[in-house]
Structure formats: C-alpha cells, structure tokens
1. Filter segment A:15-31 down to the residues that are of a type outside the set (A, V, I, L, M) and either over 17 Å from A:GLN204 (Cα atoms) or in contact with an Asp or Glu (Cβ under 8 Å, 6 or more places away or on another chain) (or both) and list them by number.
2. Scan segment B:433-489 for residues that are among the polar types (S, T, N, Q) and within 30 Å of B:LYS274 (Cα to Cα) and report the count.
3. Which one of these is open to solvent by 20 Å² or more (accessible area, probe 1.4 Å) and within 14 Å of another protein chain (Cβ to nearest Cβ): B:ARG492, B:ARG427?
4. Of the residues B:ARG72, B:ARG90, only one is open to solvent by less than 50 Å² (accessible area, probe 1.4 Å), over 26 Å from the mean Cα position of the chain (by Cα) and basic (Lys, Arg); which?
5. Could you tell me how many of the residues in segment A:74-96 are aliphatic (A, V, I, L, M) and within 9 Å of chain B (Cβ to nearest Cβ)?
6. Within segment B:66-93, work out how many residues are assigned to a helix (DSSP H, G or I) and either within 21 Å of B:GLY43 (Cα to Cα) or touching a Gly at 6+ places or on another chain (Cβ under 6 Å) (or both).
7. Can you pull out the residues in segment B:447-474 that are modelled with pLDDT under 90 and open to solvent by 30 Å² or more (accessible area, probe 1.4 Å)?
8. Any residue in segment A:50-64 that is surrounded by fewer than 17 Cβ atoms within 10 Å (Cβ to Cβ), more than 11 Å from ligand 1 (Cβ to nearest atom) and of a type in the set (A, V, I, L, M, F, W, C)?
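The values are calculated or read from the model by the stated rules, or taken from the named source; none is laboratory data. Bear in mind that the values here come from a model prediction, so they are computed numbers and not experimental data. Cβ coordinates were reconstructed from backbone atoms using ideal geometry, including for glycine residues, and neighbour counts include every protein chain displayed. The protein model used for the area step is the full one, side chains on, heavy atoms only, and it has no ligands, DNA or RNA in it. Shrake-Rupley method; radii C 1.70, N 1.55, O 1.52, S 1.80 Å.
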Amino acid sequence: MSERPIIHIEDLHKSFDEVEVLHGVSLDVYQGDLVSIIGPSGCGKSTLLRCINCLEILDSGKICVGDVSLSRKSKQVHPNPRFEEHAHQLRSQVGMVFQAFNLFPHKTILENVMLAPQVVKKESEAYAEERAYQVLKKVGLARYSGRYPASLSGGQQQRAAIARALAMTPRVMLYDEPTSSLDPELVQEVLQVMRDLDAEGMTQVVVTHEMSFARDASDYIVYMEGGRIVEIADEDEIFIAPKDERTQRFLKRFR
Amino acid sequence: MHRCLIAVILGVFMGQALFAEPSGSSGSSGPKELRWAADPNSGVPYVFADPKGAIIGFEVDIIHAIAECLGRKAVFIGNNFDCLIPGLRRGLYDVVINGLPLLPTGSPGVLYTDPYFLSYGQLVVRQNETTIQHFDDLENRKIGTYRNWKGGISIKPIEGLELRRYAYEVNAYEDLLHRRIDAVLLDFPESAYYTALIKGLKMVGPPLGNLEYGMVVSDDHPELLEELNAAIKILTQTGVLQGILVSWKLWNPRMEAWLGPYTATEEQTAHYEKTIASQNTDTADDGRVVRYIGFLPILLEAAITTLLISLLSMLLALTLGLFLAIVRVYWARPFSLLASMIIEALRGTPLLIQLYLIFYGLPHLGIKLPPILAGILGLGLNYMAYEAENYRAGLIAIPKGQMEAARALGMSHFQALRHVMIPQAIRIVIPPITNDFISLIKDSSLLSVITIVELTETYTQLANAHYDFLGLGLIFAVLYLLMGLPFVLLARRAERKGGSRVGIRGAKG
Ligand SMILES: Nc1ncnc2c1ncn2[C@@H]1O[C@H](COP(=O)(O)OP(=O)(O)OP(=O)(O)O)[C@@H](O)[C@H]1O
Ligand SMILES: [Mg+2]
C-alpha cells in the first residue's frame, strides 16, 4: 500500500512502575479501516489504546495520528517541552469511548455532547447545538437530548458517549470494550452504530470481546498477548486458520 | 441576580466597616478624640448597655468628664475584658478605664494613672443568711467571685474555703440565690448594685482588702498619663468626681476618708433609682415585652453583623478551600504537601488562638487589620481548611473515568476541573458545607475578643445588665435559628435538584 496510514505506531514501549506492559508494539491503521484488537485479559490492549490517545504517556517509540506525531527516545528522556501541546492536538483528532461510558452525570445528553465543542473548539452555542443534534440523530438519540444520563439504558448511554466523541469531528475513533458492561440485549444497538460509522468511512479501532462482531464487521483483527502483537490477520484467516499457536489457543474458547 | 445582591452587600459593608478602625478616627475636624476602652460586659455599674443599647456606667461618666476637662471628645471602643490591655498596646485606643486595680506587681508595657476610685472587696450573702457575718465565717464554705478578680490577692486564705471563679459576675449572684454557693466576694460597686437589683441578697461584713482603680495607658504615651492625672485632680477639687460616684450610689467609707464628706442631692439619688428601675426586667410581663421591643434595633444590628461576617467568611472559605483542595489532590508533591500542611495547621489549632494571632499578634509584624477584616480573615481561613477537606472528599469521590473522558475530549486539565469535576464535587459537598456554615455562624460569637459586637456579645451584654438570661436567651436562640434556616432550606433544594442527576448509576463499572 502506498497510501500513508492514519495511525502509525512504531516500537511502542510502556511500563508501569518498572513493569513493562507493552514491549515494542508496531501497528498501522489506514483511513476507513475497522480494526478489532483481541487478546487475553491483561495483555495490554487498553494500555495500547490509552497510549494512542495520550491518556498514558509512552516511554519510548513513536505514535502518529494524521499529521501529529509524538516520539520519545526512552523513559529516561523527558518528553519534549511541546509534548503536552502535541498530545492535545492528537487528542482532538481522536475520539475515545470507554467501557463505563463516563458520561457527565450532571449534564443532559445534549449538554454532554455540546460541552467539548464549546469549551475546546470555542464553537458558538447555536452551532454546537445544531451539530449535537446531528450526531445524536446519527446514533438514534435525538429524542433523548433533554434527559440526564442516569435515566437512560446502558445501550443508550454508550450511544450518547459515541455521539459525544463524534461531536469533536475526530479522524479516528477508539473503543475500549464498548459493550462489555451492557446487558446482552443492548449490545447490538451499539455495534450497529459502529457498523454505520464504518459504512461512512470512519476509521475505528475497537478492543472487544465480541468475537462475532470482530469477525463480521472488522476489516482485520489484531491479536495481542503478553504486551506484544502476535498476529494481524484477515478475520477469516484468524478465525478459520490462525497461524500462531497462541492465537489458536485463545480462539478455541470461542468456537 | 444573586451575584448582584452579594456584590451590593459586599460593597456597602466593606465601604462602611471593613477598612475603618473601630474608632472612626477620621477626626481631622472638631476636637481631638480620646479613644477609651472597656468591656461592655463588665457589668453594672462600671460600663454596661442600657435598654436602648447605649453604653452607660460610672466609669463612662468619669471618662466623659475627663475628656471634657482635656477638651477632647470621648469615643468608646468595646473590647473583651481579657483583651483590653493587648488592644491598648496595639494602639486600638488611648486609655482603658474598667475597674482595673493597681497591682503591687506592676504591669509590663502599661502605666496606671492616680486612682479615681477607692474600692474594696465586699461580701454578699442571701437575705436570710445568719451564720455568715464576716469573712472569717467562711470556713468550709463555698464562695463565688469573678474569674479575673484582682482583689483576691490581698485576702488571707481560710481553711476549707472553696473559691469558684465565674466568667460573669451575675452568674455568681445567680448561683448564690440558687444555693449553689454561700457567698459572693466581689468589688464594692458590683455588690452594691446587684444587692439593689436582685431581691433576696444583702451585703455583710467590713471592707476587705484595698483596691485602687486607675486608668491604664500605654507606656508609649507618658504625656497622656500626665494629662489624665491632672484631669483627675481637677475633678476631685471641683467635686465632679464625688457627684458622679454619689449618683451611682458608690460613695463609701474609703472615699470619704480620701475626699472628705459629701452629701447626695435629691437629683443624684433619683438618678440611681431610675437606672436600677430601668435595668430591672423582673417587673410585670407587659413591661418586659415593651423592653424587649426596645431591644429590637440593637438585636437587628447585631444579627446583621453576625450574618454578614458569617457570609463573607464562608465565601472566603469556599473559594480558598476549593483552590487548596485542587492543589492537594492534583498538584505535584511539594505543593500538595504544603497544602495538606496548611490544612492540618489550621484545623489543628483553636480558632480563638488564630483570632488572637491575627488581631493582636500580627501588629507586631507591622500588619494591622481592622477588626471586621481580621474577623472575616480568621473565620474564613479556619473554615477554609474544613471546606478544603470537604471538597477533597468530593473530588476523590468522583469516578476516575470522568477526568479521563474530559481529557480524551480534548479539554485541558483546568477545563476538565472547571466543567466536569468541580460542578460534580460541589453537588456532593453541599450537605457538609451547609453544616459547616451553621457552625460558622455560631463560631462567629468568638469575634467578641477582637472588639466586634455580634449577636452573642449583645446577648451577654443585655443579659448581664438586665439580669435576664432566660427571656433574652430564648430570643437570641430563636434569632440564631432563623439566621441558619434559609441556608438549610436552600441547600435542601439544591441537593434535591442535583441528587436526581448525579445518581446511583453515574458510571457503571
Ligand atoms: N495505571 C496502571 N498502573 C499499574 N499497572 C497498570 C496500570 N494500568 C494497567 N496496568 C497493568 O498493565 C497490564 C495491562 O493492562 P491493560 O489494562 O492494558 O490490559 P487489557 O488487555 O486491557 O486487559 P483487560 O482485557 O482485562 O481489560 C496489566 O497487567 C495491568 O495490571
Ligand atoms: Mg482493558
């Protein structure tokens, strides 16, 4: 492929308290891809996503999203003084959806969606509201704009969280187990929103335990274990004939 | 709307009181002022509040006569008895006149004038008491006196005598009536007044000890001492002093031995009878009600002082407390450590000591705050520590995901605090903050030690002067309740509104 990747990760290392959690991860994601990251608990999937979004600061390696690039030689080197500025630019291109939704409970759904565009992008109230209704309509929540998060179902809350991220017009969406705290009957409505976004050409990276979604919806699947990417494969390859034996072992449980 | 109101109140209040020393020592026009101080609670007949709240008493009359003699204008500054001398040294006023007897030990930093009154200890017992005729009869008896009574040092100890020291003289007489003690030993003036005011008490025995009342000035002003001594001399020579003492029924054998015989005029006797009558609340009920209505202006003024000081202190505590909490929770180690040290220091020391430090201590470092400002600062800083802890509890009760979500949306740390964290923390801390505000209103009564006349101070003044602790006590209790009530209701409403949103399931998992 000659096209430049929209996410480019190179030899990413990250440790917590001297324990290395990511041992040199490299990954390219291209415009419009829907990538699923799977792997056993504790293998570093969340940490990888959080590094991409600078919620965690990388120890060493390189992360590029769009035109913003962040790199660091080693943990001993202080991040360069403009690091925080770059991190901020990077965050504004990346939307993030959490397992626990993390909606702001003291604000209505509409206010949740409008807040960041007004505060961060200094959009006018009228414009932010118009945009908020657009994204809420996209996730099917326009009717609920005046409600507080606590009065919505989990699936609705997660869709609102997606709308909130979309309102910042990100180039990339990251999801960390977006359906894991949902009752089973609510999972599909969230996954459907992600499929719709994929159809519109949004680039999405999803950490998930929903194997059927990973298989059916993603363009390819990244299998991680022990802080490394073990296998990157087409959904059919990985489910039907995984090359790596660790992948085989992991997927056996889902057959 | 609310902000406007607060701003207006602030403006008016600050303009009037905050930046003025209590004297209002603007006096560039008119005669030079003689700023004099006493504890308006020191009781009848020294310096006390009449039913309209005016300060009267024999020492008031004397200092006015002296000021007139010196061609100066007497200006009264009330202060807590224990703080009279510190206030003098701090330059709050020029002279203290408050039944202070010359001490053989001397007092550092101050000078005593020649005496203006010769007093002595006088025993008071119940009317029907027969066994106590003399001080020597007090063996194995309980007697009461004033906490700081200076006469005690010249009286020889008696076997088995139990001495109880009261914060207010009046309470000693009260306990005597209720048979908790057998006698009260106090200065002659109080003994004379309270035996006249309270039925069922009488004076017994000869004069005890020797107390010479002098006025006190700072040793920085020996020239004032000279002037005052000269004025006292003139007053005794012209008979003005004698007249004042007689009109307060304070003429006694010692005075006669000093200044020769003096006979009271009818007018002077009538003056005394009138004062006693007007102070006595123990009359018919409708008379009492009329008197209470007469108290209203003073009550209102004191209530407003209390409320405004409380509001401003709380405002200070809430804003600084929030900042301190943020530093403690989010800033790097040296800062957060400093913040927690400040909090602990302020929580761990008594408010009273903090007030003394700010008002009487800081002037030694050249920082001289007016009373109201010192009071707001003292209360505000003390409560700041508690509010900081409340906020901190609120902030750490918010799920970690909230901050992360805000940051992930591109908000800066400050923006996340301002729009996401603090609004949620405030909803969490409304109940404890309301609690604290109620106790702040009550704690503001400590401000009497820095010359502020707030509600409790007014209560003790009136109750002491009128010997009416029950009726006035109930009225003041109701006043305090009424002041706190609106805030409790307001908080309830805010809680109800916020509570339904920041709910049980703000964040799952
Ligand atoms: N803030 C942190 N401090 C210390 N250790 C951490 C921290 N966050 C994660 N870890 C550790 O890093 C490792 C990887 O964690 P991570 O959350 O990335 O795993 P994961 O693949 O997302 O697992 P799961 O499927 O359970 O969510 C784990 O061993 C975890 O204990
Ligand atoms: Mg995880």
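1. Of the residues in segment A:15-31, the ones of a type outside the set (A, V, I, L, M) are A:15-18, A:20, A:23-24, A:26, A:28, A:30-31.
The answer is A:SER15, A:PHE16, A:ASP17, A:GLU18, A:GLU20, A:HIS23, A:GLY24, A:SER26, A:TYR30, A:GLN31.
2. 7
3. Of the residues listed, the single one that is open to solvent by 20 Å² or more (accessible area, probe 1.4 Å) and within 14 Å of another protein chain (Cβ to nearest Cβ) is B:ARG427.
4. Matching residue, one of B:ARG72, B:ARG90: B:ARG72.
5. Residues that pass the stated criteria total 2.
6. If we filter segment B:66-93 for residues that are assigned to a helix (DSSP H, G or I), which is where we start, we get B:66-70, B:81-89.
Next, from what is left, pick out any that are either within 21 Å of B:GLY43 (Cα to Cα) or touching a Gly at 6+ places or on another chain (Cβ under 6 Å) (or both): B:81-89.
Final tally of qualifying residues: 9.
7. If the condition is that a residue be modelled with pLDDT under 90 and open to solvent by 30 Å² or more (accessible area, probe 1.4 Å), then B:VAL453, B:THR456, B:TYR459, B:TYR467, B:PHE469, B:LEU470 are the ones that fit.
8. yes
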